[in-house]
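Report on one structure; see the data block that follows.
The values are calculated or read from the model by the stated rules, or taken from the named source; none is laboratory data. Since we're looking at a predicted model, the values are computed, not measured. Cβ coordinates were reconstructed from backbone atoms using ideal geometry, including for glycine residues, and neighbour counts include every protein chain displayed.
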Amino acid sequence: MLKTLSSRVLVAVAGAGSAALLAGAFAFEHIGGMAPCVLCLWQRWPHAAAVVIMALALLFPHRGLMVLGALAALTTAAIGGFHMGVEYGWWQGLATCGGSAITGISIDDLLNPAASVGTPARCDQVAWSLAGISMAGWNMVLSLGLAGLWLLAARRD
């Protein structure tokens, strides 16, 4: 089936895939109440870049844009793979992964004992999984597939 799809369709599917993964992350955060950790937030940026690249590649089809889309997908896959390794204890996380970061909290809230600033999310705990694979792991797997679509589109251009 992939053999019959044009590069424009492949670009649209790959970019829409990144948009869907972003939407899912925001849904888990805002509807499901699952606060993202630092690595979760890092995984979102390449998906956002892929959505922008998709729009550009649909307006101005060029192999270089499709390669950039693949690099964005591979970047978020790599971050997701690293994050999954931290969650499963395969390696140490970053210093900011310990849940002790206070970024995004105002000084007034930190000094106000009545203010609820919440508990920062930890990178080393699996917040959600499906079939034994964490959300970071699914991001890695799906993003590798999206990178493949981007590269296939670049070959067809």
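Screening I79, I31 for residues that are more than 12 Å from A147 (Cα to Cα), in contact with a Phe, Trp or Tyr (Cβ under 6 Å, 6 or more places away or on another chain) and either without any contact (Cβ under 8 Å) to a residue 40 or more places away in the chain or of a type in the set (A, V, I, L, M) (or both) leaves exactly one candidate, I79.
One line per residue, one yes/no per condition, for (1) touching a strand residue (DSSP E or B) at 6+ places or on another chain (Cβ under 6 Å); (2) part of a helix (DSSP H, G or I); (3) over 18 Å from S143 (Cα atoms):
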site: P36; (1), (2), (3): no, no, yes
site: A49; (1), (2), (3): no, yes, no
site: V52; (1), (2), (3): no, yes, no
site: A77; (1), (2), (3): no, yes, no
site: H83; (1), (2), (3): no, yes, no
site: V86; (1), (2), (3): no, yes, yes
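Given the criteria buried (at least 16 other Cβ atoms within 10 Å of the Cβ), among the aliphatic types (A, V, I, L, M) and modelled with pLDDT under 90, does A115 qualify? Here the answer is no, as A115 does not meet what is asked. Figure legend. Inter-residue proximity from the stretch 51-69: first residues buried (at least 17 other Cβ atoms within 10 Å of the Cβ), second residues not aliphatic (A, V, I, L, M), beta-carbon distance below 6 Å, spacing 6+ or different chains. Indicated pairs: V51/G15; V51/S18; I53/G69; M54/G15; M66/W150; G69/W150.
Quick check on A35: is it of a type in the set (G, A, S) and at pLDDT 95 or above? In short, no.
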